[in-house]
Amino acid sequence: MAQQQGSLSLGREAWSTWPRYEAAVLGFPNYWYPVLWSRQLKKKPVGITLMGQPVMFFRSGGKAYALRDRCPHRGIPLHHGEQHFPGTLSCAYHGWTYDLESGTLVASITDGPDSPICGKVRVQTFPVEERLGLLWVYMGQGTPPPVEDDIPAELLEKPVTVCGRISERKGNWRLAAENGFDQGHAKYLHRNTPFVFFRKMPVWDRSHVVPIEDGKWIARVTDEVHFDTDFPGLGRFPTRKQWWKRRGGAPRGGSPLRLPGMLRVAYPEWSHYEWYVPLDEGHHRYLQIAVKFSQGLKGWLFRLKYWTNLRWIFHGLFNDQDALMVEDMDSPPERLYRPDVSIIAWRKLCEHPRGTEGVLTEPITESDLPAIAEPVS
Amino acid sequence: MAQQQGSLSLGREAWSTWPRYEAAVLGFPNYWYPVLWSRQLKKKPVGITLMGQPVMFFRSGGKAYALRDRCPHRGIPLHHGEQHFPGTLSCAYHGWTYDLESGTLVASITDGPDSPICGKVRVQTFPVEERLGLLWVYMGQGTPPPVEDDIPAELLEKPVTVCGRISERKGNWRLAAENGFDQGHAKYLHRNTPFVFFRKMPVWDRSHVVPIEDGKWIARVTDEVHFDTDFPGLGRFPTRKQWWKRRGGAPRGGSPLRLPGMLRVAYPEWSHYEWYVPLDEGHHRYLQIAVKFSQGLKGWLFRLKYWTNLRWIFHGLFNDQDALMVEDMDSPPERLYRPDVSIIAWRKLCEHPRGTEGVLTEPITESDLPAIAEPVS
Amino acid sequence: MAQQQGSLSLGREAWSTWPRYEAAVLGFPNYWYPVLWSRQLKKKPVGITLMGQPVMFFRSGGKAYALRDRCPHRGIPLHHGEQHFPGTLSCAYHGWTYDLESGTLVASITDGPDSPICGKVRVQTFPVEERLGLLWVYMGQGTPPPVEDDIPAELLEKPVTVCGRISERKGNWRLAAENGFDQGHAKYLHRNTPFVFFRKMPVWDRSHVVPIEDGKWIARVTDEVHFDTDFPGLGRFPTRKQWWKRRGGAPRGGSPLRLPGMLRVAYPEWSHYEWYVPLDEGHHRYLQIAVKFSQGLKGWLFRLKYWTNLRWIFHGLFNDQDALMVEDMDSPPERLYRPDVSIIAWRKLCEHPRGTEGVLTEPITESDLPAIAEPVS
C-alpha cells in the first residue's frame, strides 16, 4: 500500500498488538459455527468452503454429517456424490464409499468387495449439530464442547420463533465482526435508513465496555449521550431539523458480542442475532436471525412482520449499509479514535479464545486506547 | 493445500515417481497435435495458445501455415494481420510482412522497399499438415517425423468418414488423458447416462495393461468382470434392478491410449478417438472424433446418426460427465487403488516419449501399484 | 516470456537504455494531468485510481478539490462520503470530517465537539485546477508549477470551442503515448478507416524528429514521402487502385508530443489533442479533445460536426483501431525499425522530465536507432 502522508507513526495502529486476533484470518476453530438452515440440507450434498477448507454437508437417516469435501483418491469434491447404502456417501467418480460417521472408506465399488484399500483411507469428519433450525459445525481440535456452549442461553431456554437470512459477503470476517460491535458508526452511517425513520439517533456518546457472563460476552455501557450538537467553527449537526423523529427505541443491553463472532441486538419486542462465519480471507457467511421469544399465534404474527417488514427494512436496507463498509474497509494501517474503545475490547477478547488461558475480567475504557499522535505540522 | 487428516504417507503418491510425466505440464513437444478442423481455417488467421505459446494459423494458396503469434517489432499478435502478397502475412500495426514458409521478414511496408531490417528478423514457424480433415502442428525440436507417425494407422489405411467436435476444457491435459484411459470410472460415473440406457455396466473388474504395437499404445486387458455384487455389511450394487438393461456392447481392444495423449475406443460399428491438446497449465483443447470405416452411402448414414444422436448422446452428455471430473480433479496428493493399474501404465508410458531411449515392453499389473497404507488408526 | 527464435541479441531492445522512461510505469508525477470534465463533478464525490493511488474529487462552493480516497481511520474510501459543513467532506462510516483545503480532520461527528483526535490526522490533498472545461490534478512533490505550463499555449491564448471524449483503456500509458506519436503505423493501420475514405495515405516515408518550443515538444519532420510503391519480389502496394482517394489533408506541424503524455494533431480546420493518464500498470484514461479555434456561431457549427461526425468517425472508429493495438502491444523484447526514430525521440524526451537537469536540444535522426542485427542464418 502506498504511504499515507499526514499520518504520523505515534498512535497509528497495526494489528500486532493483538497477535491472536491478527492470526485469526480464517477464524477461531475451537468453536461451533452456524452454517446453513437445517431445511437447506435435504437429499443433495452441499459443498461450502469454511475457514479456508472445503467441507461437504450431507443428511442421511435424518442426521446431518460434515466431511472434508475432497476424495483422497483423485481430489474430486465429495459433494458431487450420492448415497447408495445407508450411512454412507459414494464419490461420483469411482464410487469410493465413505462411512459418514467415521469418514472411513468402507467400499470401493469399482474395485469389488475385496478391495484392499478399504479401511485404509479416511476422510476427515467434522461434528455437526442442529439447533434453532440451523446446522452447526465444529472444525476445531479434540473433543468439541456441547454446541449449547456456543449458543446464547436465552435461545435455548425460552420458546422462540426464528426467522432470518443467510448470505455470502465480501470482506474478512473480522471486519464484519468489528462493524457489528462498532460503537461509532451506527448513529451516523445508519441515521437515515428507513428502519430509524421515526427514531432520533444520537450524534455522539461516550462509553466503556464490560465483560459479562464470566467474560463470555463484551457489552457496551454508555456513559453520556448527546443529540443535536454544535461543532465549533463548523455548525450544528444534524444540519436539518427532523421534527418527525423521536428519541428512544434504541436496543438495550449494550448489543454484546462474543467469540467466535456473534452479536446480539435486543429490541424491546424482538432480538436480532448475527454471525460472521469465515469462508476464506476475503469472504464470510453472514447469518442474520430475528427472534421473537414466543411461539403460537404471536410467533406467526412475528413471522408476518418479518417477511413483510424486517427482512426488507432491517436485514436488507439497514444491514446492506454495513456490507458496503465491510467490503471497502481496509485496515491496517488505521487510526483509532475514542469510540473505538469497542474495537479495542473486541480485540482483547480475541486474545482469550477457547483453549487458551485467561479470561477478560476488567472493563475496557478510553484509557485503553493507543496514544493519539502529535498534531500534524 | 491444507493437510489431510487420515491419509498416511505410506502408499500416498506424489508425481515425482514419474519425472517426465510430472514435468510435462505443457505437453510433449516432439509430437504432432491436431488443433483445428481444416474447414475452420479459411481466409482469416486464427490465433490459439498451444503448449503455453501463442500460435497463429493461416491458409495461403490452399496451404496451411503456423507462425509464432507475436510480431517481433512491438509484440502485436500476427493474427490481427492480413495478406497483401501471396505467400506472406502482414502485421496489422506497421505492415511488417513475413514469408509464411520461412518466417523471415521480407518487407516492411511502412519503411519502403529498401528497409534495412528486411531479412534481419524472423518469426518462428511450426510445421503444419492436414490429414482426416484436421490441421496438425508440430512444435518440437529438430526435423519432425512424418505426421503419419502420430496418427493411428487404421485411419490412414482404410476409407473413413469422420465427424466430431473440438472444444476447450478446463483442467490440465494430463488429468484429461488419465480420465480417458482410467479403468475405474467408466462403469460407475457413466452408469446412468443415456448412451448406456440399454447396456448393463459391470460393477467392477480386474485387469492389467499391455503395451501394443511395439510399445506405442497401452491397452487394458480385463481379467475378471463382475456385475451385480454384494458388498458385505452394505448391500447389493446396483441397489435397484434395471430389467431393461442387457450385457454387452462394450468397446473392444482395451480402449488404448498413446502419446502425446490420444485415445481410441472401438465400438462394433464405429470408433471414437479423442485427443487432449495442452493449451496452458489449466486448459486443454478436447478433440472428439467419431469414425466410420466406410464412405459413400454408409458414410452419409453415419453422418446422419452422428448429428442426430452421437454428438448429443455420446460426445455431449456422456463426455460432459468426464469434463466435470477433469475440471474438479485435484492431484496430488492422491491415493491410488487397484484399478489404477491403468493410470500407472500411462505414467510409465510418459517416461518414454519420442526422443528418449527405451520403450515400454512389459505388461503393467497390480504388482506395479504403490504399497497400500497401513489401516488408519 | 518464451524465447523467440530468430531474434538475435544485437539490435534487440530492452527498455533499460532509457531508465527514467522504464521506471515511469505509473507516469511522471511532477505534471498536471487532466482527469475529468468539469461538468462531471457535480454534487457527488468521484473516486478514481490515478498513478496507482486512490483519489477522490469533490466540488464545494464551486471549487474542485482532490483528496486521497481513503479515510485514515479504517480505510473507507472517502468518495462514499457527503458534505455537512461548507468546505468539508465527511466520511460515510463515522463522520470523520476533513477540511477540503488542508485535508486536516476538523471534526469527528460521532466523537463530539471535544474529540481529541481532531487536528491530529490529515489526509493528503492534491492541487486541482479547472481549464478548458477540464479538471486538472497535480500529484507531484513540492509546489506545483502553474497549470498553464502543462497546457498547450494556443489553447489558452485563443478563443476555443472544445468537444471530446474521456474513456478508460487497457494497456500501460507509455504504449498509448508511443502509439500516438508513432511515425509508422498511421498510414498503414488506419489506411481504410472511414475518416480517410477520400484521402490517399502514403505508403512509407522517412523523417527525423526535432525538439520545438525549447524542448518542450518533439515534432516529426518528414524528409521523403512515397505513395504507390513496388516491393521487389512481392508486388505493388497498395495492391488495389482506389481511384476516389486524393492526396493531401494530412495534419500539419509534425503532430507533436510532450510530457507527461499529450499529443497535438493539427488539421487545417480543427485540432485534435489527446492525453494518456496513468491509472495503474495496465490501464490509462484516454482523453480525446477536438478543438475549434473559434467561438459563437462557428463554435456551434463545430459542435454539430463533432457530435454528428467526428465523435463517431474519428474519436470512435479511427482511435479504436489504436486501442486494440495498445491493448495487445507487448514490449519488450522489441525490434525497432527506421520509422521508430519517433519512438526513440519520445523515450529520449522522457529522460528529461520536470525536476531533472537537461533538456532535449538536438534533432533525433535515423542514426540514433540501435544497430540492426546481422541477417538471420
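A few comments on the model shown:
- Euclidean distance between Cα centres, region A:83-128 to region B:15-29, Å: 31
- Counting neighbouring Cβ atoms within 10 Å and putting the fewest first, the residues C:Ile166, A:Ile344, C:Ile218 line up as C:Ile166, A:Ile344, C:Ile218.
- Working note: Karplus 6.51/-1.76/1.60 with θ = phi - 60° gives region C:188-201 the couplings 9, 4, 9, 5, 10, 6, x, 4, 10, 4, 9, 10, 7, 8 Hz, where Gly and Pro are set to x.
- For q = 0.10, 0.12, 0.18, 0.19 Å⁻¹, Debye-computed log10 I/I(0) when each Cα of region B:40-171 counts as one equal scatterer: -0.37, -0.52, -1.02, -1.10
- Around A:Arg236: net Lys/Arg minus Asp/Glu count, Cβ-Cβ under 10 Å: 0
- Inter-copy label distances for A:Lys241: 8.7, 8.7 nm (label point placed 7 Å from Cα along Cα→Cβ; shortest first).
- Our coupling estimate for region A:299-313, obtained by passing each phi through the Karplus curve with A = 6.51, B = -1.76, C = 1.60 and θ = phi - 60°, is x, 5, 5, 5, 4, 4, 5, 5, 6, 9, 9, 4, 4, 8, 6 Hz, Gly and Pro reported as x.
- For the protein assembly as shown, Cys with no neighbouring Cys Cβ under 4.7 Å: A:Cys118, A:Cys163, A:Cys350, B:Cys118, B:Cys163, B:Cys350, C:Cys118, C:Cys163, C:Cys350
- Built amide H within the under 5 Å cut-off of C:Ser294, gap 5+: C:Thr161
- Rounded tilt (10° steps) of A:319-328 against the dominant C-alpha axis of chain A: 90
- For the segment C:65-71, counting C-beta atoms of other chains within 10 Å of every residue's C-beta and taking the mean gives 2.
- One equal scatterer on each Cα of region C:323-365, no solvent, Debye formula: the resulting log10 I(q)/I(0) at q = 0.26, 0.28, 0.32 Å⁻¹ is -0.98, -1.03, -1.12.
- The mean number of Cβ atoms from other chains found within 10 Å of a Cβ in peptide C:203-214 is 2, as a whole number.
- Based on the Kirkwood approach, the hydrodynamic radius assigned to region B:135-242 is 18.1 Å, with every pair of different Cα atoms included.
- Amide H contacts of A:Ser60 (H built 1.01 Å from N, in plane; Pro and chain starts excluded): A:Tyr65 sit under 5 Å, all sequence-distant by 5 or more or on other chains.
- For the protein assembly as shown, alpha-carbon Rg relative to the globular expectation (2.2 N^0.38 Å, N residues): 1.13
- With Cα atoms as the point set, the radius of gyration and Dmax of region C:152-350 evaluate to 17.2, 57 Å.
- Legend: mean number of C-beta atoms from other chains within 10 angstrom of residue C-beta atoms, peptide B:171-183, equals 1.
- Burial ranking of peptide ranges C:21-28, A:203-210 (average Cβ count within 10 Å, highest at the top): A:203-210, C:21-28
- Taking the Cα centre of the protein assembly as shown as origin and assigning +1 to Lys and Arg Cβ atoms and -1 to Asp and Glu Cβ atoms, the resulting dipole is close to 4740 debye.
- In nanometers and ordered shortest first, the copy-to-copy spacing of the A:Pro268 label point, defined 7 Å from Cα toward Cβ, is 8.3, 8.3.
- Contour minus Cα-Cα distance for B:Leu156 and B:Lys305 (0.36 nm per residue): 51.4 nm
- Computed from point charges on the beta carbon alone (+1 for Lys and Arg, -1 for Asp and Glu), the dipole magnitude for region B:32-138 about its Cα centre is near 300 Debye.
- Contact order, relative form, for region C:152-350: 34 percent (alpha carbon pairs under 8 Å, 6 or more residues apart, mean separation divided by residue count).
- Residue and distance for the chain A Cβ closest to the axis that moves A onto C, in whole Å, come to A:Gly282, 12.
- Local electrostatic count, B:Lys158, Cβ distance below 13 Å [Lys/Arg +1, Asp/Glu -1]: 0
- Working from Cα pairs under 8 Å separated by at least six residues, relative contact order for chain C is 22 percent.
- Across region C:235-377, C-alpha contacts under 8 Å between residues 6 or more apart give a mean separation that, scaled by the residue count, equals a relative contact order of 13 percent.
- Ranked packing of C:94-105, B:310-321, most packed first, by mean Cβ within 10 Å: C:94-105, B:310-321
- Of the residues A:Met201, A:Val160, A:Gly184, the one whose Cα sits farthest toward the positive end of the charge dipole of region A:157-224, with +1 on the Cβ of Lys and Arg and -1 on the Cβ of Asp and Glu, is A:Met201.
- With eigenvalues of the C-alpha gyration tensor scaled by 5 and rooted, chain C, Å: 43, 25, 18
- The local environment of A:Trp217, defined by Cβ-Cβ distances under 11 Å, has a net charge of +2 under the rule Lys, Arg +1 and Asp, Glu -1.
- Gap separating the Cα centres of region C:147-219 and region A:135-183, nearest whole Å: 61
- Under 5 Å, built H, 5+ apart or other chain: amide partners of C:Leu336: C:Glu13
- Taken one residue at a time, the phi angles of region C:238-247 give Karplus couplings (6.51, -1.76, 1.60, θ = phi - 60°) of x, 6, 10, 5, 10, 4, 7, 8, 10, 6 Hz. Gly and Pro are set to x.
- Look at the dipole of region A:153-350 built from charges on Cβ: of A:Pro232, A:Leu324, A:Trp312, the Cα furthest out on the positive end belongs to A:Trp312.
- Just checking the listed ones, C:Pro256, C:Pro278, C:Pro54: in the Gaussian network model of chain C with Cα springs under 10 Å, the one fluctuating most is C:Pro54.
Rule-based calculations on the coordinates, nothing more; no lab input. Just so it is clear, the model here is predicted, and its values are computed rather than measured. Using ideal geometry, Cβ is built from the backbone for each residue, glycine included, and neighbour counts are taken over all protein chains shown.
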